[in-house]
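Structure record follows, encoded as structure tokens.
Quick note: the coordinates plus some simple rules give every number you see, no bench work behind them. What you are looking at is a predicted structure, and each value in this text was computed from that prediction instead of being measured. Here Cβ is always computed from backbone atoms with ideal geometry, including for glycine, and neighbour counts include all displayed protein chains.
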Amino acid sequence: MVVTKQISLESKGHCHIIDITPEVEKKLAEADVSQGTVTLFVTGSTAGISTIEFEPGLIADFQDMWQRNVPTDIPYQHDRAWGDGNGHSHVRASLLGASLVVPFSNKKLALGTWQQIVLVDFDNRPRSRQITAQIMGE
């Protein structure tokens, strides 16, 4: 069986990290599937999905890592083409990736004790974000 659900949220941009684990668990609870996988996919090219221990120190470390590796204050060809100043956002999102697959059993996500699913919005402004959760299993 395949069940497709949508998660909608508002983000602040600028490497805003949002714990979406409770929303994914809610969508899984609503589905008539007890074991399988859930694929999460964020629409748009300036955000990504991953897992992380969602605690303030690691959130700051993660955000700092992006600034060190894909800085906001260097020239990007994309910015020349469109003038919207978010070339870094596209590069960061491409590196992180737009999707994640998480297995589940007995309607429980197979996440580690300190592991949460997060959306990271790299854009340079607030955004309305849509995440497709496709639940596959039996």
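For the listed peptides 58-65, 35-42, a ranking on the average number of other beta carbons within 10 Å per residue, highest first, reads 35-42, 58-65. Computed from point charges on the beta carbon alone (+1 for Lys and Arg, -1 for Asp and Glu), the dipole magnitude for the chain about its Cα centre is near 240 Debye. With K and R counted +1 and D and E -1, the other residues having a Cβ less than 12 Å from that of ALA133 yield a net charge of 0.
Placing a label point 7 Å from the Cα of GLN130 along the Cα-to-Cβ line, the residues of the range 2-30 whose backbone N sits under 17 Å from it are 4-11. Taking the number of Cβ atoms within 10 Å of each Cβ as an exposure proxy, the fewest-first ranking of THR4, THR21 is THR4, THR21.
Computed FRET efficiency, Cβ-Cβ of LEU95 and ASP32, R0 41 Å: what is it to the nearest 0.05? Efficiency, from the Cβ-Cβ distance: 0.70. With the helix formula -39500 (n - 2.57) applied to DSSP H stretches of n ≥ 4, the chain reaches a computed 222 nm mean residue ellipticity of -8500 deg cm²/dmol.
Applying 0.36 nm per residue to the separation of GLU138 and VAL2 and subtracting their alpha-carbon distance, the gain on full extension is 48.1 nm.
Extension gain, SER45 to HIS78, is 10.6 nm, computed as 0.36 nm per intervening residue step minus the present C-alpha separation. By the rule of a C-alpha distance below 20 Å, with chain neighbours fewer than 8 residues away ignored, the lysines paired with LYS107 are LYS5, LYS26, LYS27.
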